[in-house]
Amino acid sequence: MNYLALNLIVLAIVAVVAAFALRRRPRLIAPIALTVVVLFVLTAVFDNIMIAVGLMVYSDTGRSGIDIGLAPIEDFAYPLAGALLLPSIWVLLSRGERDE
């Protein structure tokens, strides 16, 4: 199994959790979307810098081969999962009222 397939499985689970949470608090969609955009930009910039200066080296084994600059596309799954999962867990564990 390559990293992209593994990331897609994890992101599918995260998406299900987020769907339940966002049904309770739909007003969180815009802030989460903005967070994802900002994290993707930061990931693209800083991953490329770290790879360019040699802090990180990726072998081709298990990679999809799709890159954004020097950064493998698989690196973008982590900020996406975090931006979706953390507020979703917060919503699901809170006892607050539902937003309509």
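Just a yes or no: is a residue in region 17-28 within 14 Å of the chain's Cα centre (by Cα), β-branched (V, I, T) and open to solvent by less than 60 Å² (accessible area, probe 1.4 Å)?
yes
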Original post:
Any residue in region 2-13 that is surrounded by fewer than 16 Cβ atoms within 10 Å (Cβ to Cβ), outside any helix (DSSP H, G or I) and more than 15 Å from the chain's Cα centre (by Cα)?
Top reply: yes
Subject >> Conditions (1) open to solvent by less than 60 Å² (accessible area, probe 1.4 Å); (2) farther than 29 Å from R95 by Cβ; (3) touching a Pro at 6+ places or on another chain (Cβ under 8 Å); number of the one not met by V36 >> reply: (2)
Subject >> Selection count, region 52-68, where residues are open to solvent by less than 60 Å² (accessible area, probe 1.4 Å) and either modelled with pLDDT of 95 or more or at positive phi (or both) >> reply: 3
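The values are calculated or read from the model by the stated rules, or taken from the named source; none is laboratory data. Quick caveat: nothing in here was measured; it's all calculated off a predicted structure. Here the Cβ is made from the backbone with ideal geometry for all residues, glycine too, and neighbour counts use every protein chain on show. Note: accessible area is taken over every heavy atom of the protein model, side chains too, but ligands, DNA and RNA are not part of it. Shrake-Rupley method; radii C 1.70, N 1.55, O 1.52, S 1.80 Å.
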